[in-house]
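A short write-up of the structure that comes next.
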2 protein chains.
Amino acid sequence: MRRRILIVGGDAAGMSAASTARRGLGDAADVIVFERGTVTSYSACGIPYWVGGEVADRDDLVVRTPDEHRANGIDVRTRHEVVAMDAVAKRVLVRSPAGEEWEAYDDLVLATGAEPIRPDIPGVDAGSVFGVQSLDDGARVLHALGDVPAPTCAVVIGSGYIGLEMAEALVRRGLRTTVVDRADQPMRTLDPEMGELVARAMTATGIRLLMGHAVDEIVTRDGRVAGVRAGAHEIPADLVVLGLGVRARSDVARSAGLPTGPADAILTEPSQRVTGHPHVWAGGDCASSRHRLFDRPVHIPLGTHANKQGWVIGRNLAGHDAEFDGVVGTAITRICSREIARTGLGEADARDEGHDVVAAVVEGATRAGYYPGVGSLTVKLVADRADRRGPGAPIVGGEGAALRLHTLAPGGWTGKTVDDLVMCDLAYAPPFSPVWDPVQTAGRVLLGRM
Amino acid sequence: MRRRILIVGGDAAGMSAASTARRGLGDAADVIVFERGTVTSYSACGIPYWVGGEVADRDDLVVRTPDEHRANGIDVRTRHEVVAMDAVAKRVLVRSPAGEEWEAYDDLVLATGAEPIRPDIPGVDAGSVFGVQSLDDGARVLHALGDVPAPTCAVVIGSGYIGLEMAEALVRRGLRTTVVDRADQPMRTLDPEMGELVARAMTATGIRLLMGHAVDEIVTRDGRVAGVRAGAHEIPADLVVLGLGVRARSDVARSAGLPTGPADAILTEPSQRVTGHPHVWAGGDCASSRHRLFDRPVHIPLGTHANKQGWVIGRNLAGHDAEFDGVVGTAITRICSREIARTGLGEADARDEGHDVVAAVVEGATRAGYYPGVGSLTVKLVADRADRRGPGAPIVGGEGAALRLHTLAPGGWTGKTVDDLVMCDLAYAPPFSPVWDPVQTAGRVLLGRM
């Protein structure tokens, strides 16, 4: 009998695994994908830009449709949801419009993604309270924006990346938008002085911030969202977006006895095999990753990890010996004309982890001072005092701030000393940087403090 | 007696050394700089943008004037040229408007820069044949552009970075401009398929290319430049720019018995001490650097190296133990709306060095495919087949192509394997890259070929 590879979930990790396995195995296996929705390989990261009108059409966010995958020899079955698994008998229960059926596998790939965290507060289940995870979520927000009378104000609960991107999108759409978060500043994973830069850019763009306040209730009137209550504040809102982060969608896996860790993420080995289950693989937002600096599993659900993990699974299914090396907490976004980038541990995180760290914050320029279009950026470098290696760096600034992180993200910084960083042969030309790249300037300041 | 530090040359390396030593030593030493011209700390890299009109004023290119340096306690003496040195008696002969005088030193820093290579052909000494090295050179070109009748056509001889930047500047100024080079393509340090992309961008911008032709003569008429003859071609030209690269300005050092290497560059140790001369230091365009991949001295005169080497000298003068770690051949520029970046060895270079290499050329996108403003870029990765490490990579493309090199330049790539590169935790967000960064996509293709 032909080898049977079943894949649960048709987005980044699942379809990367499917495509890579299919290419590597040729006709030696059946590759079947169960997708509970109707689309495959879409960019959830693009949803805020679609809502904000920068991306015109939902289809723009779809990299490859089910039919395109089918043309590549992958048996994609949409509206097929896996509702149970039996890891001993090696089979999964699939629910489709035609009914329920057990399907046997030789290898099973779990790529079920994540779902927005819904706070346990009154009103959270009202219409016009939106998560931002699937294209359908995006479509629902856009639909609400077209309501008559048109909504005029919105609240975003939480100030992670997606929350802030959505806040900016809603401001673009003309809504008075407030971000409410219990943290003291937006993007709590940044150190305070960097978060402050983000807050300033947001305020300048017209986003209202209500920090240091947990939301107690989503106020509804006649079944419709009317506002958000946080302590003594009540903020009017015609729609509410949940930006509190996500939780791995791993119920089926957990019920079958698979191990899970932080945020319910399925625990895997570097090969992306589920720990203790040699024929079950997991990747993408439903799986954990090893943090190289913490040296423990974390849940950092990002499209780039999902694609890499899917590729690793596909390579391994095809007989290679690939490993996902873990993450160092790298992330970038653009919020209100500022590029925001981070890698490794911030100063506060690093201290929490027991590092004795030194830090330097440097204001630099994105180009040579005389070159047209020069802007500012702020680099913070954090290094361990003892081994001079870098727990991390956030960068906030204008054009080029985000890609500058690429100096630091790859073993470059994490794994190299500040001394290495300062002397490393980075490129310079007036349109791209001052003659000392700001990350190297920060390194020099840091050296002086060690 | 106070320690006496003499520095020859008041641009990047010299003034970095002076400033760093002054800060580190306080009042423990006299720091005297002899500069044969009248300006200090200027950006030669900015000259093409000044000539092209993107930078309005010559003063914009001056980072710090002699008076500003003096206010920091550095004794800057302009119009003072060092014309001889006596390494045994530890003194230099200084020529100034007041005459010649021997000046004793405890430490001597040579930062005399480089000068444009002038080909040995008829007409090369005519007026309107310009090198591009000092601000005076830039002023002379601008002056020539103001001639009456206005010049209408120009030839750039050579197609290195500065030559091409000048060609673009001259086109901006409305001149019909031709680049003539004996190489088959512009930027001969790039591999052919990458040079071809540069050639295409230049042609699209209106620059004419005459490749594969050495210039035999600069044709003059009545003492004025009239054209350039290259084989059977005669190209009319009202002015000619030399873009054949530079040679270290090291006559004084060589006459004093100091060792020199490629392009007459003064040979130094990683401390920037001149080899065999413990109290003489050299940095910047007059000095050699160790190429980490060749493991031999090279002459790669760039402002970023000059600043770093000057800083290393200054730190060492102040009693630290700093080293310049060498270069890996990193360089970036923007030519005709294309960003061009390289690090390490190209495929041809690597083969010449005896590496058995595999290469992959990948066309990628600068942003997510659906994100507004997405452009294309081409990444070539070259890796050693045996140890899987990267000799190098050139990148040619739109916005973000150049800074993407920062993934590869720092120990990251050179020193890491392709496997490391593919899995490394690079940042992704739709405004900045596709979900697989193009350099990682190139890595995946390379893996498939190994």
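Things worth noting here:
- Flag for B:Thr152 being among the hydroxyl-bearing types (Ser, Thr, Tyr) and more than 25 Å from the chain's Cα centre (by Cα): yes
- Taken together, B:Val88, B:Val39, B:Val55 contain a single residue that is farther than 19 Å from B:Pro301 by Cβ, of a type in the set (Val, Ile, Thr) and either within 14 Å of chain A (Cβ to nearest Cβ) or surrounded by 17 or more Cβ atoms within 10 Å (Cβ to Cβ) (or both), which is B:Val55.
- Counting the residues of region B:302-336 that are away from chain A (no Cβ under 11 Å) and in contact with a Ser or Thr (Cβ under 9 Å, 6 or more places away or on another chain) gives 6.
- Taken over region B:206-264, the criterion of being in contact with a His (Cβ under 8 Å, 6 or more places away or on another chain) and within 13 Å of B:Thr178 (Cα to Cα) is satisfied by B:Leu210, B:His213, B:Ala230, B:His233.
- Selection within region A:11-36 - within 25 Å of the chain's Cα centre (by Cα) and either closer than 18 Å to A:Ser271 by Cβ or within 14 Å of chain B (Cβ to nearest Cβ) (or both): A:Asp11, A:Ala12, A:Ala13, A:Gly14, A:Met15, A:Ser16, A:Ala17, A:Ala18, A:Ser19, A:Thr20, A:Ala21
Table: residues versus (1) in contact (Cβ under 8 Å) with a residue 60 or more places away in the chain; (2) in a strand (DSSP E or B); (3) within 24 Å of A:Tyr161 (Cα to Cα).
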{"residue": "B:Ala383", "(1), (2), (3)": "yes, yes, no"}
{"residue": "B:Arg404", "(1), (2), (3)": "yes, no, yes"}
{"residue": "B:Phe432", "(1), (2), (3)": "yes, no, yes"}
{"residue": "B:Leu447", "(1), (2), (3)": "no, no, no"}
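- Some residue of region B:64-79 being under 25 Å from B:Tyr161 (Cβ atoms), within 14 Å of chain A (Cβ to nearest Cβ) and in contact (Cβ under 8 Å) with a residue 12 or more places away in the chain: yes
- Looking only at region B:337-347, and only at residues there that are more than 13 Å from B:Tyr161 (Cα to Cα) and assigned to a strand (DSSP E or B), the one that is farthest from the other protein chains (Cβ to nearest Cβ): B:Gly344
- Residue match in region B:359-375 (condition: within 25 Å of A:His291 (Cα to Cα), of a type in the set (Lys, Arg), in contact with a Phe, Trp or Tyr (Cβ under 9 Å, 6 or more places away or on another chain) and more than 8 Å from chain A (Cβ to nearest Cβ)): no
- Top-ranked residue in region B:406-430 [being acidic (Asp, Glu) and assigned to a helix (DSSP H, G or I); ranked as farthest from the chain's Cα centre (by Cα)]: B:Asp419
- Lone unmet requirement of (1) part of a helix (DSSP H, G or I); (2) crowded, with 23+ Cβ neighbours inside 10 Å; (3) touching a residue at least 60 places away in the same chain (Cβ under 8 Å) for B:Ser19: (2)
- Hey, A:Val8 under 15 Å from A:Ile313 (Cβ atoms), within 21 Å of the chain's Cα centre (by Cα) and either more than 14 Å from chain B (Cβ to nearest Cβ) or modelled with pLDDT under 95 (or both) or not: yes
- Of residues in region B:281-298 being outside any strand (DSSP E or B) and within 12 Å of chain A (Cβ to nearest Cβ), the one surrounded by the most Cβ atoms within 10 Å (Cβ to Cβ): B:Gly284
- Scanning region B:385-402 for residues that are at the interface with another protein chain (Cβ under 7 Å from one of its Cβ atoms) and part of a loop (DSSP other than H, G, I, E, B) yields one hit, B:Gly400.
- Residue among B:Gly390, B:Gly344 that alone is touching a helix residue (DSSP H, G or I) at 6+ places or on another chain (Cβ under 9 Å) and on the phi > 0 side of the Ramachandran plot: B:Gly344
- Region A:405-420 - residue that is facing chain B (nearest Cβ under 7 Å) and touching a Gly at 6+ places or on another chain (Cβ under 9 Å) and, of those, modelled with the highest pLDDT: A:Asp420
- Any hit, region A:217-226, residues being modelled with pLDDT of 95 or more and touching a Lys or Arg at 6+ places or on another chain (Cβ under 7 Å): yes
- Residue in region B:149-164 that is farther than 27 Å from B:Gly14 by Cα, free of Cβ contacts under 8 Å to residues at least 40 places away in the same chain and not acidic (Asp, Glu) present: yes
- Test: residue in region B:226-246 that is surrounded by 15 or more Cβ atoms within 10 Å (Cβ to Cβ), of a type outside the set (A, V, I, L, M) and within 30 Å of B:Val33 (Cβ to Cβ): yes
- The one condition in (1) closer than 30 Å to B:Ala169 by Cα; (2) touching a Leu at 6+ places or on another chain (Cβ under 8 Å); (3) surrounded by fewer than 20 Cβ atoms within 10 Å (Cβ to Cβ) that B:His213 fails to fulfil: (2)
- In the set B:Ala350, B:Ala360, only one residue is surrounded by fewer than 24 Cβ atoms within 10 Å (Cβ to Cβ), touching a helix residue (DSSP H, G or I) at 6+ places or on another chain (Cβ under 7 Å) and outside any loop (DSSP other than H, G, I, E, B); that residue is B:Ala360.
- Residue selected from region A:348-358 under the condition within 28 Å of the chain's Cα centre (by Cα) and not basic (Lys, Arg), by the criterion farthest from the other protein chains (Cβ to nearest Cβ): A:Gly354
The values are calculated or read from the model by the stated rules, or taken from the named source; none is laboratory data. Computed from a predicted structure; not experimentally measured. Because the Cβ atoms are built from the backbone with ideal geometry, glycine has one as well, and the counts that use them run over all protein chains shown.
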